[in-house]
């Protein structure tokens, strides 16, 4: 009998990155452990939590669960890197600590990887509000590095039939909560840049996958639930500052230099104008400029590493 080397759910390493998620982490882990068929392993990376997260995680005795306890908060990208370094699976699946796996999540995603050899990753349908509202049905990048989660905030019941027409279609990147990534052929993706703030690590993954000649495929029947907000900054301006800093780092690493310069000048003009009404914008601008300058060597090294790849940057699948 020939050896059947097809990918299966049993080849999946699920990775959950947690920081101070005592209110949500147990639900995330339990949802993975309850899957059937079960994945190869569930790796939880704790980013130096100061709450009761570790005590909660130590109460699990399932051999499927593997715990990595970091001494410091390395951010989302750093946590993902630590998980990938330990993972044994041929497929990597990522769930946020405030996420929840559904029965179809891994099974339907693995089917896509089997049916589409050029699928480097699968973007599942991410739902919130007990599965009634769409968090993201595939994500897209524009020419200035802004990301958009398709159908965000829309009612699932209104778009069920439309979603099925998008099955198998490429998107620009997978949302971090729920993304499933093929390992073979995509080793160059790792490690992720740990200087990135909270957001845009999934965007960077999508860019690298496409630069390597693979595609990110949307599968609406692969679904995860997301209960967002527990780890986001409460201050709206702080969230905006973190998101803009991440976007600027992204465009400086992967976009044409002319685009990076234009985007930086546009953001700087906005921040300086806004500082007439609130000086905090000027302080945020200084922090962003300092971040870009402090990371200039790493930014340039990443530009050099990826510049000769299949250039898909700026060629969005945005409909």
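Out of 54, 67, report the one residue that is part of a strand (DSSP E or B) and more than 25 Å from residue 120 (Cβ to Cβ).
Details: 54 fails: part of a strand (DSSP E or B).
Of the residues listed, the single one that is part of a strand (DSSP E or B) and more than 25 Å from residue 120 (Cβ to Cβ) is 67.
Quick one: what pairs do we get from segment 279-292, first residue without any contact (Cβ under 8 Å) to a residue 12 or more places away in the chain, second assigned to a helix (DSSP H, G or I), C-beta under 6 Å, 6+ apart or different chains?
The qualifying pairs do not exist here.
Pairs please, first residue from segment 255-275 and in the same structural domain as residue 291 (by TED's automatic domain parsing), second anywhere and loosely packed, with under 15 Cβ neighbours inside 10 Å and modelled with pLDDT under 95, Cβ atoms under 6 Å, 6+ apart in sequence or on different chains.
Qualifying pairs under 6 Å: 275/282.
I'd like to check which helices (runs of 4 or more DSSP H) are fully inside segment 165-279 and have at least 1 residues that are in contact with a strand residue (DSSP E or B) (Cβ under 9 Å, 6 or more places away or on another chain) and within 26 Å of residue 78 (Cα to Cα). It would help to see each step written out before you state the result.
Working: elements: 201-211, 236-254, 257-274.
Filter on segment 165-279 gives 201-211, 236-254.
Residues of segment 293-307 being buried (at least 16 other Cβ atoms within 10 Å of the Cβ) and under 14 Å from residue 248 (Cβ atoms), which ones? First the steps, then the outcome.
Taking segment 293-307 as the starting set, the residues that turn out to be buried (at least 16 other Cβ atoms within 10 Å of the Cβ) are 295, 299, 302, 306.
Passing the criteria: 295, 299, 302.
From 68, 56, 133, 43, which residue is under 26 Å from residue 158 (Cα atoms) and free of Cβ contacts under 8 Å to residues at least 60 places away in the same chain? Can you show your working first?
Details: 68 fails: under 26 Å from residue 158 (Cα atoms); 56 fails: under 26 Å from residue 158 (Cα atoms); 43 fails: under 26 Å from residue 158 (Cα atoms).
133 is the lone residue from the list that is under 26 Å from residue 158 (Cα atoms) and free of Cβ contacts under 8 Å to residues at least 60 places away in the same chain.
The values are calculated or read from the model by the stated rules, or taken from the named source; none is laboratory data. Remember, it's a predicted structure, so these values are computed and weren't measured experimentally. All Cβ positions, glycine included, derive from the backbone under ideal geometry; neighbour counts span all protein chains shown.
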